[in-house]
Amino acid sequence: MVNLAATMENVIHLSIGQPDFPCPKHIVDAYIHALQEGKTGYTMDAGLPELLKELASYYSARTGREITEDNILVTTGATEAMYLSISVTAAPGRQFLIPDPCFPLYAPLVRMHGGEVKSIPTRAEHGHQLDPQEVIDAIGPRTFAIILNSPSNPTGTVYPPETIEAIVQEAAYQGVKVISDEVYDHLLLDDLEYASVLGHASDLDHVMIASSFSKTFSMAGLRIGWVISSQGTIKMLRRYHMFTTTVANTPSQWAGIAALRGGNACIDEMVKEYRRRRDRIVQLVSEAPHMTGYWPQGGFFIFPSLPPHTNASNVALRMLEEIGVCVVPGEAFGESCTNSLRISYSTSIEKIEEAFERMIPWLAKQDL
């Protein structure tokens, strides 16, 4: 669909999965300064010591638990962080519980390493919230790990503290690992307490937390992420990391230090605008025929459903071809949501309104 859209004119993209804001100037300046200073060689394989120190201080203050440099591995974005976390744990005979829908990286990686995926479906009519009891009931003798993502891509759902607490504590009790993708952790659009797995785990031995600068500071192309876990797990992940990407981008790591030291004013401005767009797009989805929406509380996605048994891939393709609006069909994110569409509001409110000016009358004509 993206390739097709590239051949067309006047396409409105509600498909973008990265911030549309410029990277803040003080971060760009730090990147340029690193280049000018000749900081273009390899760092330590675990990451630039100065960045590890800043991340440890940041997470210790934010979560109230002591995090040291030895608990962190700097990676090439959160994608490598999740890749490593899953690669070192997935194996034949090991079952992973994964919410459905979810980001398309997780399940294929589990299966590539011989593991088994057991999906926990969520629904738009329930805000795509995960029922912790359903997750706990799904744990069986072959369950090795649970993968969480809050705020979620593609749904924008934020799991409340009681959900995280219940899952993490039961997982620890049963010896099940929890791998948490927290890349959208600062993009909270309502007055919520962010529930990081770090803040609810009794220890770090059974958890791995992945995050990055990509979404928080609009640094997606600079490719700096990290994993937080026990010292033993980080040592193991470092061996995989050395033979995957060797080290993360060195000037980008210096830019990351500037991001952490520069305060949250730039984040607050982005979140304020995302909130304005979220409010508008929820209203527009409610006005769109055949769409069931809800209230996403984080990130910059909404994942409305179409009537049951609708092939959303066909709908999305025809929508692109006939009215020039590009969204992502639900089947990209799981097996339980083939009647859903991921709509990104990481674009201007004017573009969002123009897209729905095309979509609403077009959907009204469809027999779904």
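The values are calculated or read from the model by the stated rules, or taken from the named source; none is laboratory data. The structure displayed is predicted, hence computed values, not measured ones. A quick note on method: Cβ atoms are made from the backbone with ideal geometry, for glycine too, and the neighbour counts reach across all protein chains shown. Keep in mind that these areas ignore ligands, DNA and RNA; they rest on the heavy atoms of the full protein, side chains included. Shrake-Rupley method; radii C 1.70, N 1.55, O 1.52, S 1.80 Å.
Close Cβ contacts (under 9 Å, 6 or more residues apart or on different chains) running from residues in the range 6-21 that are within 15 Å of Glu350 (Cβ to Cβ) to residues that are open to solvent by 30 Å² or more (accessible area, probe 1.4 Å) and assigned to a loop (DSSP other than H, G, I, E, B) comprise Asp20/Ser348. Within the range 74-87, residues that are under 10 Å from Leu237 (Cα atoms) and modelled with pLDDT of 95 or more reach partners that are in a helix (DSSP H, G or I) and open to solvent by 10 Å² or more (accessible area, probe 1.4 Å) with beta carbons closer than 6 Å, at six or more positions or on different chains, in the pairs Leu84/Tyr240. Restricting the range 59-82 to residues that are assigned to a helix (DSSP H, G or I) and open to solvent by 60 Å² or more (accessible area, probe 1.4 Å), the residue that is farthest from Ala201 (Cα to Cα) is Thr79. Residues in the range 199-212 that are open to solvent by less than 30 Å² (accessible area, probe 1.4 Å) and more than 11 Å from Thr75 (Cβ to Cβ): Ala201, Leu204, His206, Val207, Met208, Ile209.
Just give me the residues in the range 6-28 being in a helix (DSSP H, G or I) and either among the basic types (Lys, Arg) or surrounded by 17 or more Cβ atoms within 10 Å (Cβ to Cβ) (or both), in sequence order. Within the range 6-28, Lys25, Ile27 meet the criteria. Checking each residue in the range 86-112 for being small (Gly, Ala, Ser) and farther than 20 Å from Pro154 by Cβ picks out Ser87, Ala90, Ala91, Gly93. Here Gly114, Gly93 are screened, and the one residue that is closer than 15 Å to Lys177 by Cβ, in a loop (DSSP other than H, G, I, E, B) and out of contact with any Cys (no Cβ under 6 Å at 6 or more places or on another chain) is Gly93. Considering the range 123-156, the residues that are part of a loop (DSSP other than H, G, I, E, B) and without any contact (Cβ under 8 Å) to a residue 40 or more places away in the chain include one that is least open to solvent (accessible area, probe 1.4 Å), namely Leu130. Could we say that Met44 is under 30 Å from Val315 (Cβ atoms), open to solvent by 10 Å² or more (accessible area, probe 1.4 Å) and over 17 Å from the mean Cα position of the chain (by Cα) here? So Met44 does not fit the description; no.
Within the range 219-255, the set of residues being among the hydrophobic types (A, V, I, L, M, F, W, C), outside any helix (DSSP H, G or I) and either on the phi > 0 side of the Ramachandran plot or open to solvent by 20 Å² or more (accessible area, probe 1.4 Å) (or both) comprises Phe243, Val247. All of Ala210, Ala259 fail the test of being among the small types (Gly, Ala, Ser), touching a helix residue (DSSP H, G or I) at 6+ places or on another chain (Cβ under 9 Å) and within 12 Å of Ile27 (Cβ to Cβ), apart from Ala259. Considering the range 344-365, and only residues there that are part of a loop (DSSP other than H, G, I, E, B) and under 27 Å from the mean Cα position of the chain (by Cα), the residue that is farthest from Val328 (Cα to Cα) turns out to be Ser348.
Screening the candidates Leu341, Leu260 for the property of being part of a strand (DSSP E or B), under 20 Å from the mean Cα position of the chain (by Cα), within 25 Å of Asn149 (Cβ to Cβ) and of a type outside the set (Asp, Glu) yields one hit, Leu341.
Scanning the range 335-350 for residues that are touching a residue at least 24 places away in the same chain (Cβ under 8 Å), open to solvent by 20 Å² or more (accessible area, probe 1.4 Å) and more than 16 Å from Gln18 (Cα to Cα) yields a total of 4. The residues listed here are Tyr274, Tyr294; of these, the one that is more than 21 Å from Pro19 (Cβ to Cβ), in contact (Cβ under 8 Å) with a residue 60 or more places away in the chain and either surrounded by 19 or more Cβ atoms within 10 Å (Cβ to Cβ) or under 17 Å from the mean Cα position of the chain (by Cα) (or both) is Tyr294. When restricted to residues that are part of a loop (DSSP other than H, G, I, E, B) and either aromatic (Phe, Trp, Tyr) or farther than 13 Å from Gly298 by Cβ (or both), the range 178-218 contains 13. Checked against the criterion of being open to solvent by less than 40 Å² (accessible area, probe 1.4 Å), in contact with a His (Cβ under 7 Å, 6 or more places away or on another chain), within 18 Å of Gln18 (Cβ to Cβ) and modelled with pLDDT of 95 or more, the candidates Cys326, Cys266 yield just one match: Cys326.
Just name the residue that is nearest to Ser85 (Cα to Cα) out of those in the range 160-177 that are assigned to a loop (DSSP other than H, G, I, E, B) and either free of Cβ contacts under 8 Å to residues at least 12 places away in the same chain or open to solvent by 10 Å² or more (accessible area, probe 1.4 Å) (or both). Taking the candidates together, the pick is Gly175.
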